Amino acid sequence: LDSHHEVVAVYSQPPRPAGRGRKLRKSPCQILAEERGIPVYTPKSLRKPDAQAEFSALEADVAAVAAYGLLLPKPILEDKLMGCINIHPSLLPRWRGAAPIPWAIIDGDEQTGVCIMQLDEGMDTGPVLARRVYDLEPGTTAGELHDSLADVGAKMLVDVLDQYETITPMTQEPESEATHARKIVREDGRLDFSKPA
């Protein structure tokens, strides 16, 4: 938001019930965009023609995606001049999917990172435009890693947008090392005290 690039709109998940009162709560992204006077759209899906037409009418050059939580349909992926690019917090093809940060910690990875990638119809399978390695220190929490990688990713995004026309996309290799970072669920937090630490 503080770069020289113009943000014409922000898309966010619709407000969700939260807290004891189960009142609808906007995402932090939506709140910040509204504070900055940026139009916010919160469709439940981008598969409907009216939502796609609304997206197209923005006439943006590129759509930048970070933790949106929905797969984008082909008409959205192909709508913008520069397409849709994603800030992904892993060294792709390792940890494709919903929860790369906790799985990097759970699996004991010594390094992780951020990839800026071109979105395609797959789950985090598109070509990589930029990649930055980040050393994962023992004892780092998922929250700490999230915040660090978010800062790295934001700076990388501006660099990619500045240099987009000169970047040669890289195919994710080797495909044999691709792993899936499924969503963390309550059962993942259960401890089995019959097993050694």
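Annotations
- Only residues that are in a helix (DSSP H, G or I) and open to solvent by 100 Å² or more (accessible area, probe 1.4 Å) were counted in the range 147-176, giving 5.
- Qualifying positions in the range 116-158 - under 21 Å from GLY69 (Cα atoms) and among the polar types (S, T, N, Q): GLN118, THR125, SER148
- Residues of the range 120-136 that are over 19 Å from SER176 (Cα atoms), at pLDDT 95 or above and assigned to a loop (DSSP other than H, G, I, E, B): LEU136 alone.
Residue by residue, here is whether (1) at pLDDT 95 or above; (2) within 18 Å of the chain's Cα centre (by Cα); (3) surrounded by 14 or more Cβ atoms within 10 Å (Cβ to Cβ) holds:
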| position | (1), (2), (3) |
| --- | --- |
| GLY21 | no, no, no |
| ALA51 | no, no, yes |
| ASN86 | yes, yes, yes |
| LEU92 | yes, yes, yes |
| PRO102 | yes, yes, yes |
| GLN111 | yes, no, no |
| GLN118 | yes, yes, yes |
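- Scanning the range 177-197 for residues that are in contact with a Lys or Arg (Cβ under 9 Å, 6 or more places away or on another chain) and in a loop (DSSP other than H, G, I, E, B), we see that the one that is least open to solvent (accessible area, probe 1.4 Å) is ALA181.
- Qualifying residue in the range 126-145 (condition: in contact with a helix residue (DSSP H, G or I) (Cβ under 6 Å, 6 or more places away or on another chain), within 21 Å of CYS29 (Cβ to Cβ) and surrounded by 17 or more Cβ atoms within 10 Å (Cβ to Cβ)): yes
- Note on the range 1-105: enclosed helices (runs of 4 or more DSSP H) holding 2 or more residues that are closer than 21 Å to LYS155 by Cβ are 28-35.
- Selection from the range 38-49 of residues that are open to solvent by 60 Å² or more (accessible area, probe 1.4 Å) and within 23 Å of ASP2 (Cβ to Cβ): PRO39
- Considering (1) on the phi > 0 side of the Ramachandran plot; (2) without any contact (Cβ under 8 Å) to a residue 24 or more places away in the chain; (3) open to solvent by less than 40 Å² (accessible area, probe 1.4 Å), the lone condition that LYS80 does not fulfil carries the number (1).
The values are calculated or read from the model by the stated rules, or taken from the named source; none is laboratory data. Predicted, not measured: the structure shown is a model, and the values here were computed from it. Quick reminder, even Gly has a Cβ in these numbers, built from the backbone with ideal geometry, and neighbours come from all protein chains shown. Protein only, heavy atoms only, side chains kept; ligands, DNA and RNA dropped before computing areas. Shrake-Rupley method; radii C 1.70, N 1.55, O 1.52, S 1.80 Å.
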